[in-house]
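Peer 1: Sharing a structure with you now.
The values are calculated or read from the model by the stated rules, or taken from the named source; none is laboratory data. These figures come from a predicted structure and were not determined experimentally. Ideal geometry is used to build each Cβ from the backbone, glycine not excepted, and the neighbour counts take in all protein chains shown.
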Amino acid sequence: MRYLAAITTLLLAGLLTAAQPKVVSEFTGRVVGVTDGDTVKVLVGTQSVTVRLEGIDAPETGQAFGTRSKQALSALVFGKTATVQKTGEDRFGRTLGAIIADGVNANAKMVEGGWAWHYKKYSTDAGLAALERQAKDAKRGLWADPNPIAPWDYRASRRAPKVEPASGTGEYWLNTSSGVRHNSTCENFKKTKRGRLSSKTEGRPCGICGG
Ligand SMILES: [Zn+2]
């Protein structure tokens, strides 16, 4: 049994290690800016380096808990000399990595405190996954909300194309009796007793379809 337990421990340790991204380089600098709960600016010499915290995703500015998440990261790193363990770059060319200040891994601490999600789409880090579960169970930070909107869902909803009411189709119907113009989504489009196709500027717009 002890042998089995030892094997299990080894396997688990292997899995946990394997899930963590490899550090490609390390540098130290002063944190001179906190953009939001997962992005900071680090001054290295005279160069400002934007660092996107690997493996986590924080609420966006304007999203619920966005400000408090930013404050939480500020409290951990702002104005401090920090070590960045770079693991790569994201598609915007930003440095990806873990940021460590006062011996604290800010990436992990943000998830632990409930101020950021484990970014599962890009990270299989079992440690972050476990910290997120604990934060959720304890209803810490943004988990006080039983149904918080994940930042990736929030961003996707903002990117979704807005449905334009027919104004782009170029087809309008003018009721030649009332002088009211309808667009093609309107139930009155081509359905009035008298009328004709018209331009967008003829008549006055229908109060229901907007003309
Ligand atoms: Zn109408």
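Peer 1: Going by what's in this entry, would residue 142 be described as more than 16 Å from the ligand (Cβ to nearest atom) and touching a Phe, Trp or Tyr at 6+ places or on another chain (Cβ under 7 Å)? Let's see the steps before the verdict.
Peer 2: Working: more than 16 Å from the ligand (Cβ to nearest atom): yes; touching a Phe, Trp or Tyr at 6+ places or on another chain (Cβ under 7 Å): yes.
Judged against the criteria, residue 142 is a match.
Peer 1: I need the strands (runs of 3 or more DSSP E) fully contained in the stretch 1-107, keeping only those with at least 3 residues that are at pLDDT 95 or above and of a type outside the set (A, V, I, L, M, F, W, C).
Peer 2: Fully inside the stretch 1-107 and qualifying: 25-36, 47-53, 81-89.
Peer 1: Quick check: anything in the stretch 113-126 closer than 27 Å to residue 81 by Cα and in a helix (DSSP H, G or I)?
Peer 2: no
Peer 1: A further question follows. Out of the residues in the stretch 171-184 that are more than 8 Å from the ligand (Cβ to nearest atom) and farther than 13 Å from residue 199 by Cβ, state the one that is surrounded by the most Cβ atoms within 10 Å (Cβ to Cβ).
Peer 2: This residue is 175.
Peer 1: Determine which single condition residue 94 fails, assuming it passes every other condition in (1) free of Cβ contacts under 8 Å to residues at least 24 places away in the same chain; (2) at negative phi.
Peer 2: Failing condition for residue 94: (1).
Peer 1: Right, another one. Across the stretch 25-61, what is the number of residues that are surrounded by fewer than 13 Cβ atoms within 10 Å (Cβ to Cβ) and within 21 Å of residue 121 (Cβ to Cβ)?
Peer 2: Within the stretch 25-61, residues that are surrounded by fewer than 13 Cβ atoms within 10 Å (Cβ to Cβ) and within 21 Å of residue 121 (Cβ to Cβ) number 1.
Peer 1: When the residues of the stretch 186-211 are filtered to those that are of a type in the set (Val, Ile, Thr) and surrounded by 11 or more Cβ atoms within 10 Å (Cβ to Cβ), which remaining residue is farthest from the ligand (Cβ to nearest atom)? Outline the logic, then answer.
Peer 2: The first filter runs over the stretch 186-211 and keeps only residues of a type in the set (Val, Ile, Thr), leaving 192, 201, 208.
This time we only want the ones that are surrounded by 11 or more Cβ atoms within 10 Å (Cβ to Cβ), so: 192, 208.
Working: 192: 9, 208: 5 Å.
Only one residue fits best here, namely 192.
Peer 1: If you check residue 67 against the conditions, is it surrounded by fewer than 21 Cβ atoms within 10 Å (Cβ to Cβ), touching a strand residue (DSSP E or B) at 6+ places or on another chain (Cβ under 8 Å) and polar (S, T, N, Q)?
Peer 2: Numbers: surrounded by fewer than 21 Cβ atoms within 10 Å (Cβ to Cβ): yes; touching a strand residue (DSSP E or B) at 6+ places or on another chain (Cβ under 8 Å): no; polar (S, T, N, Q): yes.
Taking the combined requirement at face value, the residue does not satisfy it.
Peer 1: Another one. Taking only pairs six or more apart or across chains, which ones have beta-carbon atoms under 7 Å, a first residue in the stretch 71-87 that is more than 22 Å from residue 141 (Cβ to Cβ), and a second residue that is of a type in the set (S, T, N, Q)?
Peer 2: Sorted first by the residue in the stretch 71-87, then by its partner, the pairs are 81/28; 83/28; 84/95; 86/25; 86/95.
Peer 1: Output yes when any residue across the stretch 143-160 is farther than 22 Å from residue 70 by Cα and either in contact (Cβ under 8 Å) with a residue 12 or more places away in the chain or not assigned by TED's automatic domain parsing to the domain that holds residue 82 (or both), and no when none is. Steps first, please.
Peer 2: In the first step, residues of the stretch 143-160 are kept if they are farther than 22 Å from residue 70 by Cα; the result is 159-160.
Those left that are additionally either in contact (Cβ under 8 Å) with a residue 12 or more places away in the chain or not assigned by TED's automatic domain parsing to the domain that holds residue 82 (or both): 159-160.
Yes, the stretch 143-160 contains a residue that is farther than 22 Å from residue 70 by Cα and either in contact (Cβ under 8 Å) with a residue 12 or more places away in the chain or not assigned by TED's automatic domain parsing to the domain that holds residue 82 (or both).
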